[in-house]
Amino acid sequence: MKKVIIIGCSGSGKSTLAIKLGEKLDIDVYHLDKIWWYGNWQNISKDEFKTRLGEIMKNGSWIIDGNYRGTLDMRLEGCDTVIYLDYNVIYCLINVIWRYFKNIGRVRADMGGECIEKLDFEFIGFILNFNRMNRREIYKSLESCNKDIYIFRSRRKLNKWMKSFKDKQIK
């Protein structure tokens with residue numbers, strides 16, 4: 001487990017998991033939101049995004065969290081491990097609302113630029129439609145890749161799996 005991608009709906013805990021896993025495995029963590037966004041919710045170009053992501057993926061080890069379907073195939077090709085947090089969208093929405101109030105007026109550490117935490121109807125719609133719009137394609141992509149794949153449908157099962165780590169190795 002040297003090159004890991006973590007995917008799932010917004011609010012599923014991808015960034016939190018990436019940080020915890022990075023600490024356990026002593027691997028650098030990269031948040032796609034931090035690469036994609038710069039000042040005040042402006043994004044870089046798709047080409048620049050792919051270039052920056054490609055540079056990161058040249059490293060010997062990494063953990064990359066985020067969705068960005070346009071680069072999923074690229075990340076699947078370069079990784080050795082996939083972690084998919086396939087949670088109920090209502091659970092994810094509750095987490096996003098909680099995160100919003102926890103970080104109101106601030107920029108999260110896993111967010112790029114000066115993107116102050118926000119919550120709007122467009123983002124809520126994205127979350128509520130995430131599984132309907134993405135789950136089938138994600139599973140289709142995972143079926144065709146020959147990687148170690150971990151799919152978690154609950155935080156409890158993920159936490160149990162995380163407890164299986166010992167001294168930067170998985171049992």
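The values are calculated or read from the model by the stated rules, or taken from the named source; none is laboratory data. Please read all numbers here as calculations on a predicted model, not as lab measurements. Reconstructed Cβ throughout: ideal geometry from the backbone, glycine too, with neighbour counts over all protein chains shown. Calculation scope for accessible area: heavy atoms of the full protein, side chains included, ligands and nucleic acids excluded. Shrake-Rupley method; radii C 1.70, N 1.55, O 1.52, S 1.80 Å.
Can we say Gly105 is among the small types (Gly, Ala, Ser), in contact (Cβ under 8 Å) with a residue 12 or more places away in the chain, open to solvent by 40 Å² or more (accessible area, probe 1.4 Å) and not in a helix (DSSP H, G or I)?
yes
Filter the range 73-92 for residues that are open to solvent by less than 40 Å² (accessible area, probe 1.4 Å) and either within 14 Å of His31 (Cα to Cα) or in a loop (DSSP other than H, G, I, E, B) (or both) and give the result. Write out each step before concluding.
Of the range 73-92, the ones open to solvent by less than 40 Å² (accessible area, probe 1.4 Å) are 75-76, 78-79, 81-87, 89, 92.
Arg75, Cys79, Asp86, Tyr87 - these are the residues of the range 73-92 that are open to solvent by less than 40 Å² (accessible area, probe 1.4 Å) and either within 14 Å of His31 (Cα to Cα) or in a loop (DSSP other than H, G, I, E, B) (or both).
Output the residues belonging to the range 29-46 that are part of a strand (DSSP E or B), closer than 26 Å to Ile83 by Cα and either out of contact with any helix residue (DSSP H, G or I) (no Cβ under 9 Å at 6 or more places or on another chain) or among the acidic types (Asp, Glu) (or both).
Of everything in the range 29-46, just one residue is part of a strand (DSSP E or B), closer than 26 Å to Ile83 by Cα and either out of contact with any helix residue (DSSP H, G or I) (no Cβ under 9 Å at 6 or more places or on another chain) or among the acidic types (Asp, Glu) (or both), namely Trp37.
Looking at this structure, is Asp110 surrounded by 18 or more Cβ atoms within 10 Å (Cβ to Cβ), touching a residue at least 60 places away in the same chain (Cβ under 8 Å) and not aromatic (Phe, Trp, Tyr)? Lay out the reasoning, then the answer.
Values: surrounded by 18 or more Cβ atoms within 10 Å (Cβ to Cβ): yes; touching a residue at least 60 places away in the same chain (Cβ under 8 Å): yes; not aromatic (Phe, Trp, Tyr): yes.
Yes; evaluated as a whole, the condition is true for this residue.
Return the total of residues in the range 55-70 being at pLDDT 95 or above and in a helix (DSSP H, G or I).
Summing the residues that are at pLDDT 95 or above and in a helix (DSSP H, G or I) in the range 55-70 gives 3.
All but one of (1) over 26 Å from Met133 (Cβ atoms); (2) among the aliphatic types (A, V, I, L, M); (3) outside any helix (DSSP H, G or I) hold for Leu21; state the number of the condition that does not hold.
(3)
Those residues that are of a type in the set (S, T, N, Q) and open to solvent by less than 50 Å² (accessible area, probe 1.4 Å), I need them from the range 55-72; list them, please. So that I can check it myself, show each step before the final result.
So in the range 55-72, the residues of a type in the set (S, T, N, Q) come out as 59, 61, 67, 71.
Scanning the range 55-72 gives Ser61, Asn67, Thr71.
Out of curiosity, is Lys140 open to solvent by 60 Å² or more (accessible area, probe 1.4 Å), in a helix (DSSP H, G or I), of a type in the set (Lys, Arg) and under 22 Å from Asn159 (Cβ atoms)?
Spelling it out, it is not the case that Lys140 is open to solvent by 60 Å² or more (accessible area, probe 1.4 Å), in a helix (DSSP H, G or I), of a type in the set (Lys, Arg) and under 22 Å from Asn159 (Cβ atoms).
Within the range 4-41, can you find the residues that are farther than 22 Å from Gly113 by Cα, open to solvent by 10 Å² or more (accessible area, probe 1.4 Å) and in contact with a strand residue (DSSP E or B) (Cβ under 6 Å, 6 or more places away or on another chain)?
Lys24, Ile27
Taking the range 147-156, which residues are over 15 Å from Tyr91 (Cβ atoms) and in a strand (DSSP E or B)?
Asp148, Ile149, Tyr150, Ile151, listed by residue number.
Among Arg99, Arg52, which is out of contact with any Lys or Arg (no Cβ under 7 Å at 6 or more places or on another chain) and either outside any helix (DSSP H, G or I) or open to solvent by 90 Å² or more (accessible area, probe 1.4 Å) (or both)?
Arg52
Looking for whichever is in a helix (DSSP H, G or I), over 17 Å from Asp65 (Cα atoms) and either of a type in the set (Phe, Trp, Tyr) or modelled with pLDDT under 95 (or both) here; the options are Asn159, Asn131. Which one fits?
So the residue among Asn159, Asn131 that is in a helix (DSSP H, G or I), over 17 Å from Asp65 (Cα atoms) and either of a type in the set (Phe, Trp, Tyr) or modelled with pLDDT under 95 (or both) is Asn159.
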